[in-house]
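The values are calculated or read from the model by the stated rules, or taken from the named source; none is laboratory data. This one's a predicted model, so the numbers in the text were calculated from it and none came from an experiment. So basically every Cβ, Gly included, is an ideal-geometry build from the backbone, and we count neighbours across all protein chains shown. Accessible surface is based on the protein model in full, side chains and every heavy atom, while ligands, DNA and RNA are left aside. Shrake-Rupley method; radii C 1.70, N 1.55, O 1.52, S 1.80 Å.
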Amino acid sequence: VQLQASGGGLVQAGGSLRLSCAASGRTFSRNAMGWFRQAPGKEREFVAAISWSGGSKYYADSVKGRFTISRDNDNNTVYLQMNSLKPEDTAVYYCAADRARGYYRGQVRDFDSWGQGTLVTVSS
């Protein structure tokens with residue numbers, strides 16, 4: 001699975017953005033997918049994950065209630081809708097695929113295919 005993230009940009013605090021991750025490959029619809037982010041000087045952190053069917057979703061506490069992950073298996077795309085953005089959400093956002101599993105097990109190391117990242121900047 002090859003991944004291409006897009007949709008990042010500059011937004012004011014309280015605003016919204018929707019990130020997209022387009023996947024190539026025939027296994028996308030069977031893979032758990034995730035979004036991660038890395039802020040300057042910080043380690044990469046988990047943001048959200050979704051099961052192969054979209055029936056199970058998982059969120060970091062810091063984004064719960066503000067971000068929504070979804071997927072369109074017909075179009076090989078996973079989305080991250082980000083609302084009520086805060087300056088601390090500023091980071092490079094990456095999408096990733098777990099090519100071996102359809103469900104998120106809570107293990108970041110399960111994600112073995114990564115996109116190139118898209119920068120989100122939230123101004124105060």
Relative packing of peptides 53-60, 65-72, 92-99, 33-40 - highest average C-beta neighbours within 10 Å first
92-99, 33-40, 65-72, 53-60
Note on the range 1-68: contact order normalised by length, alpha-carbon pairs under 8 Å, 6 or more apart, percent, works out to 22 percent
Over the chain, what is the mean sequence separation of C-alpha contacts under 8 Å (at least six apart), divided by residue count, expressed as relative contact order in percent?
37 percent
Difference of contour (0.36 nm per residue) and Cα-Cα distance, GLN38 to THR68
9.0 nm
Using a 1.4 angstrom probe, figure out how much accessible area the chain has per residue, in square angstrom, rounded to the nearest whole.
51 Å²
On the accessible surface of the range 42-124, probed at 1.4 Å, how many percent belong to carbon and sulfur atoms?
44 percent
Taking every pair of Cα atoms in the chain, average 1/r, invert it to obtain the Kirkwood radius, and report Rg/Rh to two decimals.
0.94
